[in-house]
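The values are calculated or read from the model by the stated rules, or taken from the named source; none is laboratory data. Worth saying up front: this structure is predicted, and the values here are computed from it rather than measured. Cβ placement follows ideal geometry from the backbone for every residue including glycine, while neighbour counts extend to all protein chains displayed. These area figures cover heavy atoms from the full protein model, side chains too; ligands, DNA and RNA do not enter into them. Shrake-Rupley method; radii C 1.70, N 1.55, O 1.52, S 1.80 Å.
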Amino acid sequence: MTLLGIGAFLFTSSMLMNVCYGIMTGIGTIDRLKKKANNTLSQSDEEPVDLKDIFGVGSMITWILPVDPLFEDFDRVVGYSTPQRLLREQIRESPNAPANVSSFEGSFSHPVIRGQESFPV
C-alpha cells in the first residue's frame, strides 16, 4: 500500500510540475518535446500564459471552485469562434439591419427538440 501511495504521489506531483512549467513558459509538453527533438528549444518565442486566460476575470475565490470562468475575449482564449456567436455579434452591431442568416444556415442543420417544439441550435 505504501508503494502505491508513493507512486500516486510521484505521478501527481509530476503532472502538477508539468502544468506549472507549461504556464510559466507558454510551451505545452508535446511542443516542448518536438522542439527538444529538433534542437530548437532555445529559439522558442512563446510567452507565459496569463492566469486570467486560465481562471477567467472573476474573483480569485472562484479559482478553486468548479465554476465556468468568464473571459474578456472568449474567442482569443479558446482559439476559435462559433457561428452562433458571430451571428449574435452581427445582430448586436446593427440591430436595425436584417442579419445575413444565409451564411450561417449550414451550421444550424441539427435542430434541438425540447418538448413539442423544435428550436434551431
Could you run through the range 28-43 and say how many residues are of a type in the set (A, V, I, L, M, F, W, C) and under 15 Å from the mean Cα position of the chain (by Cα)? 0
Out of curiosity, is D68 at pLDDT 60 or above and open to solvent by less than 70 Å² (accessible area, probe 1.4 Å)? no
Scanning the range 1-44 residue by residue, the ones that are part of a helix (DSSP H, G or I), under 28 Å from F55 (Cβ atoms) and β-branched (V, I, T) total 6
Count of residues meeting criterion [within 19 Å of the chain's Cα centre (by Cα) and either surrounded by fewer than 11 Cβ atoms within 10 Å (Cβ to Cβ) or assigned to a helix (DSSP H, G or I) (or both)] in the range 73-99: 12
For E46, the lone unmet condition from (1) within 15 Å of the chain's Cα centre (by Cα); (2) surrounded by 13 or more Cβ atoms within 10 Å (Cβ to Cβ) is (1)
